[in-house]
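Participant: Got a structure for you, written out below as structure tokens; questions coming shortly.
Quick note: the coordinates plus some simple rules give every number you see, no bench work behind them. Just so it is clear, the structure is predicted and the values come from calculations on it, not from any experiment. Don't worry about glycine lacking a Cβ; one is built from the backbone with ideal geometry, like all the others, and counts go over all protein chains shown.
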Amino acid sequence: MVLNRVVRAAVAVCAAVTFAGCSSDDSPEPDGTTISVDAMRNALLKAAEVGPTWKTPTESAAPSQLVSICGADTAPTGIPGGPQLVSAPLSDEGAEGVQSLTQYALVYADAVSAATALATLRTVADACPPTVSKPAKTGDREEPAYTETAATTPLEEGGWSGFVTTRNKQYDKAHAATADVAVAALARANVVLVDQYAIYRLGKSDAGANPQFSADWQKLVGTTIRRVGGQ
């Protein structure tokens with residue numbers, strides 16, 4: 001079935017509805033000047049902290065690129081500069097859809113490099129078209145026709161600053177489904193945090209299919225930041 005294939009593909013782009021037990025007791029505090037790779041590794045959320053049905057994908061090589069900021073058919077965004085990279089992808093697939101959380105910590109040598117990297121990512125986000133409509137695809141990447149909207153706004157949280165690009169994807173009525181995606185990029189000191197949070201829902205074909213979406217992505221991002229010592 002076409003939509004089942006879409007659900008499988010959506011694991012790479014989809015995020016959390018519930019999560020529990022996000023304790024920051026064992027997370028190192030940054031020294032105010034630099035944040036270490038270990039601090040970021042400990043701060044990124046683990047599957048059990050997001051929810052009981054969440055899983056970490058099978059171990060694989062470190063990614064060479066980030067997620068797509070603009071969505072639709074745009075390529076994943078390259079990793080700006082030469083940071084040390086920590087990543088933590090998580091997913092939850094069920095009968096009604098797919099959720100995923102893809103986390104990246106880009107740890108640079110200094111704050112200037114991190115600020116430059118954030119500016120590079122913001123340039124990509126600012127170029128995202130506000131609306132994209134695509135016809136149905138066939139073959140290996142089979143997908144129904146859809147319309148996707150995107151908007152980018154500034155974001156500040158606990159001493160971190162950057163932006164978030166939120167997208168809503170509506171499939172045609174014959175294949176009712178919707179996806180909401182948030183890509184947040186925030187910098188503090190020498191680190192850029194990139195979180196993609198998304199939820200893909202089968203059988204829903206309206207913009208309000210995921211009413212907790214905004215609160216959920218903000219909660220996830222805020223939890224990670226507090227674990228680094230951002231508040």
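Participant: Between ASP126 and THR56, what length comes free when the chain is fully extended (0.36 nm per residue of separation minus the Cα-Cα distance, one decimal in nm)?
Facilitator: Result for the pair: 22.1 nm of gain on full extension.
Participant: To the nearest whole percent, what portion of all C-alpha pairs in region 107-231 is separated by more than 21 angstrom?
Facilitator: 47
Participant: Quick one: if the Förster radius is 25 Å, what FRET efficiency do SER161 and THR138 give, using the C-beta to C-beta distance and rounding to 0.05?
Facilitator: Calculated transfer efficiency: 0.05.
Participant: R0 = 30 Å: FRET efficiency of THR147 with ALA48, Cβ-based, nearest 0.05?
Facilitator: 0.25
Participant: Measure off 7 Å from each Cα along the Cα-to-Cβ vector at VAL37 and VAL112, then give the distance between these two points in nanometres to one decimal.
Facilitator: Going by the 7 Å Cα→Cβ label model, 2.3 nm.
Participant: Let me ask you something else. Taking R0 as 45 Å, what's the FRET efficiency between ALA174 and ALA215 from their Cβ-Cβ distance, rounded to 0.05?
Facilitator: About 0.90, to the nearest 0.05.
Participant: Straight-line reach from LYS137: which lysines have a Cα under 22 Å away, not including same-chain ones fewer than 8 places off?
Facilitator: List returned: LYS169, LYS173, LYS204.
Participant: Here is a follow-up. Place a point 7 Å from the Cα of ALA75 along the Cα-to-Cβ direction; which residues of region 108-150 have their backbone N under 20 Å from it?
Facilitator: From region 108-150, the list is 117-129, 141.
Participant: Across 10 Å bins from 0, what is the distribution of all Cα-Cα pair distances for region 136-193, in whole percents?
Facilitator: The distribution over region 136-193 is 21, 34, 23, 18, 5, given as percents.
Participant: Can I ask one more? Could you pull out every one of the lysines with an alpha carbon less than 25 Å from that of LYS46, ignoring same-chain neighbours closer than 8 positions?
Facilitator: Here the lysines satisfying the reach criterion relative to LYS46 are LYS55, LYS219.
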